[in-house]
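These notes concern the structure reproduced below.
The values are calculated or read from the model by the stated rules, or taken from the named source; none is laboratory data. Everything numeric in this text was worked out from a predicted model, so none of it was measured. Here the Cβ is made from the backbone with ideal geometry for all residues, glycine too, and neighbour counts use every protein chain on show.
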Amino acid sequence: MTENPLGYEKISKLLRDFAIPSITASLVGSLYNIVDQIFIGQGVGYLGNAATNVSYPFSTICLAISLLIGIGSASRFSLYLGNKEPEPAARAAGNGISMMVIMGLAYLVIGESLLPQLLKLFGATTEVYPYAQQYASVTLVGMPFLIITNGMSNLIRADGSPRYSMGCMLIGAIANTILDPIFIFVFHWGIFGAALATILGQILSFAFAVRYLWNFKTVHFEKKHFLPDIRESLKTCSMGISSSANQIAITFVQIILYNSLTYYGAQTVYGSDIPLAACGIVMKTNAIILAIVVGISQGAQPIIGFNYGAKQYSRVREAYLLAIKWNMLVSAVGFCLLQCFPQHIISLFGGEDALYLEFAVLFMRIYLFMVLVNGVQLLSSSFFTAIGKAMKGALLALTRQVFFLIPLILVLPLRFGIMGVLYAGPIADFSAFMLSVVLVSIEFKKQKMLSQKKAFSEQ
């Protein structure tokens with residue numbers, strides 16, 4: 001086993017090498033839904049957009065599972081490699097892959113069995129339900145493949161192959177983008193065609209991800225490493241819980257948000273379907289910015305985890321601060337585009353209805369007003385996970401969604417109606433940002449003290 005460059009290579013080069021493929025992979029994941037949304041909006045209309053929005057919690061839950069196992073096993077993998085323990089690293093990775101398979105299949109069975117009940121829970125109205133049922137019943141078939149691919153991509157990056165990870169995701173997204181217009185506009189399969197294009201792309205990505213099992217650089221797998229182990233699984237889940245918890249919280253937010261929009265929207269000129277459809281456009285547009293932010297955070301994760309395991313605390317702080325700078329720059333660009341050009345962005349998804357366009361612009365400008373600081377909370381949560389402080393990472397992951405956003409969505413509309421739903425977003429974003437700054441500052445002080453003790457003991 002050769003010496004890992006994570007321990008000695010320049011941080012800026014490492015972050016660039018790891019973050020760019022991670023960003024690409026994250027963007028690709030977002031593009032699956034966005035491409036579907038664009039072509040469905042143009043080919044079916046805003047009810048089709050509302051249907052993909054109602055189905056979106058299935059994807060969020062899927063991502064939560066893949067992050068729970070993928071980030072958890074990759075974090076343990078990186079920490080073991082930092083401690084020069086290849087055997088436990090292989091065991092952590094192998095058990096994680098087995099968990100991905102088991103959880104993916106279980107999710108498919110549960111999702112298909114409870115599909116009608118779940119779609120109604122997610123906020124499907126009478127007019128939207130037929131489209132949502134058709135779309136979700138097909139896309140659920142691809143969820144096991146997506147869980148394994150997303151989970152494997154984290155392990156592949158931790159193994160030092162971020163470009164391969166990027167390629168796995170990219171090839172599926174390209175296939176989806178090509179097939180979507182063919183299935184929708186040439187074959188006239190409508191929303192079913194969009195769903196079919198999605199799962200075919202996911203299967204292709206899965207095939208390339210699994211192929212990497214025979215090409216790991218830092219460890220050699222044996223059959224015993226893939227045997228399910230409850231103790232190993234619990235350790236993996238404890239490490240990935242913060243990232244997963246954030247996605248689970250997002251799912252709850254989506255359910256409450258969709259139902260609040262349909263309820264309070266019905267009391268306005270917009271009705272119940274327009275706010276639901278507009279919400280989908282805004283959320284998936286924001287998902288592009290978040291994908292870049294998450295990609296930077298995921299790119300930093302193996303760097304932070306390895307160097308923390310190797311007790312190189314100065315490199316840990318350097319990696320975090322550089323990632324923050326990159327996130328803030330991306331968020332600033334996103335803020336300018338969302339505030340200055342909302343009509344142009346929304347028109348990509350179809351804007352045939354004046355009321356629909358009016359509310360979507362209003363939603364985008366208000367709800368995403370504090371997008372500038374979103375990356376700090378996400379990166380900080382990933383930071384604590386990478387250094388093995390999973391509970392603190394989980395706390396930060398839940399802060400924005402559970403402690404701030406959900407209560408605000410429930411309370412503010414009682415006084416301000418549907419506008420209260422919109423203002424809940426920026427208030428929650430700023431509150432989570434402030435808590436992140438406090439917790440990370442405390443952690444940096446602790447690491448500085450550890451560095452001083454290490455330097456003193458070496459004298």
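Among the numbered criteria (1) surrounded by 19 or more Cβ atoms within 10 Å (Cβ to Cβ); (2) in contact with a Phe, Trp or Tyr (Cβ under 6 Å, 6 or more places away or on another chain); (3) in a helix (DSSP H, G or I), which one does G96 miss?
If we test G96 against (1) surrounded by 19 or more Cβ atoms within 10 Å (Cβ to Cβ); (2) in contact with a Phe, Trp or Tyr (Cβ under 6 Å, 6 or more places away or on another chain); (3) in a helix (DSSP H, G or I), just (2) comes out false.
In this structure, is F349 outside any helix (DSSP H, G or I) and crowded, with 22+ Cβ neighbours inside 10 Å?
yes
Applying the selection to segment 240-275, what residues are closer than 17 Å to V294 by Cβ and either among the aliphatic types (A, V, I, L, M) or over 23 Å from the mean Cα position of the chain (by Cα) (or both)?
I241, A245, I248, A249, I250, V253
Across segment 200-229, what is the total count of residues that are touching a residue at least 12 places away in the same chain (Cβ under 8 Å) and within 27 Å of F183 (Cα to Cα)?
Matching residues across segment 200-229 total 9.
Being over 20 Å from Y129 (Cβ atoms) and aliphatic (A, V, I, L, M) is the requirement here; does A287 meet it? Spell out how you get there, then give the answer.
Values: over 20 Å from Y129 (Cβ atoms): yes; aliphatic (A, V, I, L, M): yes.
It is true that A287 is over 20 Å from Y129 (Cβ atoms) and aliphatic (A, V, I, L, M).
So is P5 out of contact with any strand residue (DSSP E or B) (no Cβ under 7 Å at 6 or more places or on another chain) and under 21 Å from A132 (Cβ atoms) or not?
Details: out of contact with any strand residue (DSSP E or B) (no Cβ under 7 Å at 6 or more places or on another chain): yes; under 21 Å from A132 (Cβ atoms): no.
Against the criterion (out of contact with any strand residue (DSSP E or B) (no Cβ under 7 Å at 6 or more places or on another chain) and under 21 Å from A132 (Cβ atoms)), P5 does not qualify.
From the list T268, T262, which one is among the hydroxyl-bearing types (S, T, Y) and in contact with a Ser or Thr (Cβ under 6 Å, 6 or more places away or on another chain)? Spell out how you get there, then give the answer.
Values: T268 fails: in contact with a Ser or Thr (Cβ under 6 Å, 6 or more places away or on another chain).
Just a single option satisfies the conditions, and that option is T262.
Please report, ordered by residue number, the helices (runs of 4 or more DSSP H) entirely within segment 362-433 with at least 1 residues that are crowded, with 24+ Cβ neighbours inside 10 Å.
On the way: elements: 374-386, 390-398, 406-416.
Per the criteria, 374-386, 390-398.
Test V269 against the stated conditions and say whether it is under 22 Å from G72 (Cβ atoms) and either buried (at least 18 other Cβ atoms within 10 Å of the Cβ) or in contact (Cβ under 8 Å) with a residue 12 or more places away in the chain (or both).
Values: under 22 Å from G72 (Cβ atoms): no; either buried (at least 18 other Cβ atoms within 10 Å of the Cβ) or in contact (Cβ under 8 Å) with a residue 12 or more places away in the chain (or both): yes.
No.
So in segment 16-33, with the set limited to residues that are crowded, with 24+ Cβ neighbours inside 10 Å and polar (S, T, N, Q), which one is modelled with the highest pLDDT?
Ranking the qualifying residues of segment 16-33, first place goes to S22.
Would you confirm, using the coordinates I've provided, whether D36 is assigned to a helix (DSSP H, G or I), surrounded by fewer than 23 Cβ atoms within 10 Å (Cβ to Cβ) and charged (D, E, K, R)? Full working, then the answer.
On the way: assigned to a helix (DSSP H, G or I): yes; surrounded by fewer than 23 Cβ atoms within 10 Å (Cβ to Cβ): no; charged (D, E, K, R): yes.
For D36, the condition - assigned to a helix (DSSP H, G or I), surrounded by fewer than 23 Cβ atoms within 10 Å (Cβ to Cβ) and charged (D, E, K, R) - is not met.
Specify which of the listed residues (S331, S297) is in a helix (DSSP H, G or I), hydroxyl-bearing (S, T, Y) and buried (at least 22 other Cβ atoms within 10 Å of the Cβ). Reasoning before the result, please.
Numbers: S331 fails: buried (at least 22 other Cβ atoms within 10 Å of the Cβ).
Result: S297 is the single residue among S331, S297 that is in a helix (DSSP H, G or I), hydroxyl-bearing (S, T, Y) and buried (at least 22 other Cβ atoms within 10 Å of the Cβ).
Only residues in segment 433-450 that are closer than 13 Å to F384 by Cα count as the first member; pair them with residues that are charged (D, E, K, R), Cβ under 9 angstrom, at least 6 apart or cross-chain, and list the lot.
Final answer for the pair search is L439/K392; E443/K389; E443/K392; F444/R317; Q447/R317.
Out of all the residues in segment 63-71, is one or more in a helix (DSSP H, G or I), closer than 30 Å to Y270 by Cβ and either touching a strand residue (DSSP E or B) at 6+ places or on another chain (Cβ under 6 Å) or of a type outside the set (K, R) (or both)?
Just the residues of segment 63-71 that are in a helix (DSSP H, G or I), to begin with: 63-71.
Still in the running and closer than 30 Å to Y270 by Cβ: 63.
Cutting the leftovers down to either touching a strand residue (DSSP E or B) at 6+ places or on another chain (Cβ under 6 Å) or of a type outside the set (K, R) (or both) gives us 63.
Yes, segment 63-71 contains a residue that is in a helix (DSSP H, G or I), closer than 30 Å to Y270 by Cβ and either touching a strand residue (DSSP E or B) at 6+ places or on another chain (Cβ under 6 Å) or of a type outside the set (K, R) (or both).
Take segment 184-199 and flag every residue that is touching a residue at least 12 places away in the same chain (Cβ under 8 Å) and either within 14 Å of V138 (Cα to Cα) or within 19 Å of the chain's Cα centre (by Cα) (or both). Reasoning before the result, please.
So in segment 184-199, the residues touching a residue at least 12 places away in the same chain (Cβ under 8 Å) come out as 184-185, 190-199.
Those that are touching a residue at least 12 places away in the same chain (Cβ under 8 Å) and either within 14 Å of V138 (Cα to Cα) or within 19 Å of the chain's Cα centre (by Cα) (or both): G190, I191, F192, G193, A194, A195, L196, A197, T198, I199.
Which residues, counting only those in segment 188-215, are aromatic (F, W, Y) and surrounded by fewer than 20 Cβ atoms within 10 Å (Cβ to Cβ)? Lay out the reasoning, then the answer.
In the first step, residues of segment 188-215 are kept if they are aromatic (F, W, Y); the result is 189, 192, 206, 208, 212, 214.
Answer for segment 188-215, where residues must be aromatic (F, W, Y) and surrounded by fewer than 20 Cβ atoms within 10 Å (Cβ to Cβ): W189, F192, F208, Y212, W214.
Within segment 45-91, how many residues turn out to be hydrophobic (A, V, I, L, M, F, W, C), at pLDDT 85 or above and more than 23 Å from the chain's Cα centre (by Cα)?
3
Looking at the structure I just gave you, is V373 under 23 Å from F430 (Cα atoms) and touching a Pro at 6+ places or on another chain (Cβ under 6 Å)?
Working: under 23 Å from F430 (Cα atoms): yes; touching a Pro at 6+ places or on another chain (Cβ under 6 Å): no.
The answer is no for V373.
Just one of the numbered conditions (1) surrounded by fewer than 18 Cβ atoms within 10 Å (Cβ to Cβ); (2) closer than 27 Å to I274 by Cβ; (3) of a type outside the set (K, R); (4) modelled with pLDDT of 90 or more is not true of Q42; which one?
For Q42, the exception is condition (4).
Could you please tell me which pairs satisfy a Cβ distance under 9 Å, a separation of 6+ or placement on different chains, a first residue in segment 318-338 that is charged (D, E, K, R), and a second residue that is part of a helix (DSSP H, G or I) and surrounded by fewer than 19 Cβ atoms within 10 Å (Cβ to Cβ)?
Short answer, once both residue conditions are applied: E318/S12.
Does any residue of segment 293-306 turn out to be on the phi < 0 side of the Ramachandran plot and without any contact (Cβ under 8 Å) to a residue 24 or more places away in the chain?
Residues of segment 293-306 on the phi < 0 side of the Ramachandran plot: 293-306.
From the residues that got through so far, the ones that are without any contact (Cβ under 8 Å) to a residue 24 or more places away in the chain too are none.
The answer is no; no qualifying residue exists.
Could you figure out which of (1) more than 27 Å from V28 (Cα to Cα); (2) part of a helix (DSSP H, G or I) isn't true of F221?
The number of the failed condition is (2).
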